[in-house]
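One structure below.
The values are calculated or read from the model by the stated rules, or taken from the named source; none is laboratory data. Please read these numbers as outputs of a predicted model, since none were measured by experiment. Using ideal geometry, Cβ is built from the backbone for each residue, glycine included, and neighbour counts are taken over all protein chains shown. Remember, those area values only see protein heavy atoms, side chains included, never the ligands or the DNA or RNA. Shrake-Rupley method; radii C 1.70, N 1.55, O 1.52, S 1.80 Å.
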Amino acid sequence: MKSHRHSLLVAGLMACAAFTASAQPAPADPAGAMPPAAGAQAERHGKAMDPQQRMERMKTRHAKRMADLKAKLQLTGAQQSAWESYAGAFTPPAMPPGPRPDVAKMTTPERLDRMQARQAEHQARFAKIADATRTFYSQLTPQQRQTFDAETVPRMHARGDHPRGHGPRPNAAPLG
């Protein structure tokens, strides 16, 4: 029991340290080079993307996945309004006006309060999406539910991979 508590404590401290480290502003680079993580991402994608481009790319991919899902479900006219409510629940929240707060200048309690507020926002958004999904799902036929279930399994889980990209799970059934 003691080692379990110790492991949880260490994990919590590491999470706090990781958040604090990620919240630190990047040191100014006179050469204008990208940080290593951004460079690696740009390499994988063939070019560097600013946050706005990345957001647009995510929106485009999401719209394509939603259109593909809608086509596979073969919705009836009576199901259309339920689909629109479901799809609308995924609209990302608007960015708050003004500059983002400088986390490095905040005290630890202020950072904790900010993290707690953001967690509450995420929880509320998830609740909205979950409610919309349940309402939409209840409108589907048994065959459409099977399709929906198969198409909405997270991609890595569908392949039998670990969600963090650490390779196949030991008990995962081989695909093929």
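What the table shows:
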| read-out | value |
| --- | --- |
| Accessible surface ranking that places the most exposed of Arg100, Arg118, Arg54, Arg111 first, with a 1.4 angstrom probe | Arg100, Arg118, Arg54, Arg111 |
| Computed FRET value (nearest 0.05) for Ala104 with Arg155, which takes r as the C-beta separation and R₀ as 45 Å | 0.80 |
| Cα-based shape type of region 73-120, given that a ≥ b ≥ c are square roots of the gyration tensor eigenvalues and the cut on a/c is 1.5 | prolate |
| Label-to-label distance, nm, for residues given as Thr91 and Arg57 (7 Å Cα→Cβ offset) | 2.6 |
